């Protein structure tokens, strides 16, 4: 870490850091880049709260002036941290030990900032203004809200399963064969129709037997036509024999 002076610059830097809700002692223990990043986080948090857009109409001018001052203080603090200036609160603890040395405050030389470290003081450098992060509490529901939630969930599930079952029954066999259930029993899946039972088939057969049917016409066997009788034509088949085995005609 670069060395820094312990004069008015350190006191000014300590005051600026306290305005942003930061601990100068802890920032003095960090590297300049880390200290600048912590300061930026604190500045962004305060800038969101102090922005003129969130102020009432009658206080917008004063809020704008405070916002400009906050921005200038942030730029000044960043410039001093990048230059290696040590906050005054850290220097005050080590001024007595380093004043006798030639390189102390009166000598105007470089100061060993690690000589004034007090191990009994510990404070975590929280970017949010010195307050640790607190997890949000889980939501608490009363008995009425829980009962209403269970009723909505389980009734929705029951309606969905019932409609899904009716859809499967109606689209069975890739045809629309849905028929309303005979009972309100939700576990009664099979649907029967009257024409599916044996009694309906017997009734249909008895009805078909009662219907009068026209008599079948008798089959007429015709004798030899008169056309062939007048001409003396015989209907007897001729018997043919192979050549050499008797007459063929």
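The values are calculated or read from the model by the stated rules, or taken from the named source; none is laboratory data. This one's a predicted model, so the numbers in the text were calculated from it and none came from an experiment. Don't worry about glycine lacking a Cβ; one is built from the backbone with ideal geometry, like all the others, and counts go over all protein chains shown.
Residues of the stretch 28-54 being touching a helix residue (DSSP H, G or I) at 6+ places or on another chain (Cβ under 9 Å) and closer than 19 Å to residue 84 by Cα, which ones? First the steps, then the outcome.
Keep residues of the stretch 28-54 that are touching a helix residue (DSSP H, G or I) at 6+ places or on another chain (Cβ under 9 Å), which gives 28-30, 32-36, 38-40, 42-43, 46-48, 50-54.
Of everything in the stretch 28-54, those that are touching a helix residue (DSSP H, G or I) at 6+ places or on another chain (Cβ under 9 Å) and closer than 19 Å to residue 84 by Cα turn out to be 28, 29, 30, 32, 33, 34, 35, 36, 38, 39, 40.
Go through the stretch 55-64 and count every residue that is touching a helix residue (DSSP H, G or I) at 6+ places or on another chain (Cβ under 8 Å) and within 20 Å of residue 19 (Cβ to Cβ).
The qualifying residues number 3.
Select the helices (runs of 4 or more DSSP H) contained entirely in the stretch 136-249, then report the ones holding at least 2 residues which are at pLDDT 85 or above.
Fully inside the stretch 136-249 and qualifying: 143-170.
Among the listed residues 78, 25, 86, identify the single one that is more than 11 Å from residue 13 (Cβ to Cβ), touching a helix residue (DSSP H, G or I) at 6+ places or on another chain (Cβ under 8 Å) and touching a residue at least 40 places away in the same chain (Cβ under 8 Å).
After applying the criteria, what remains is 25.
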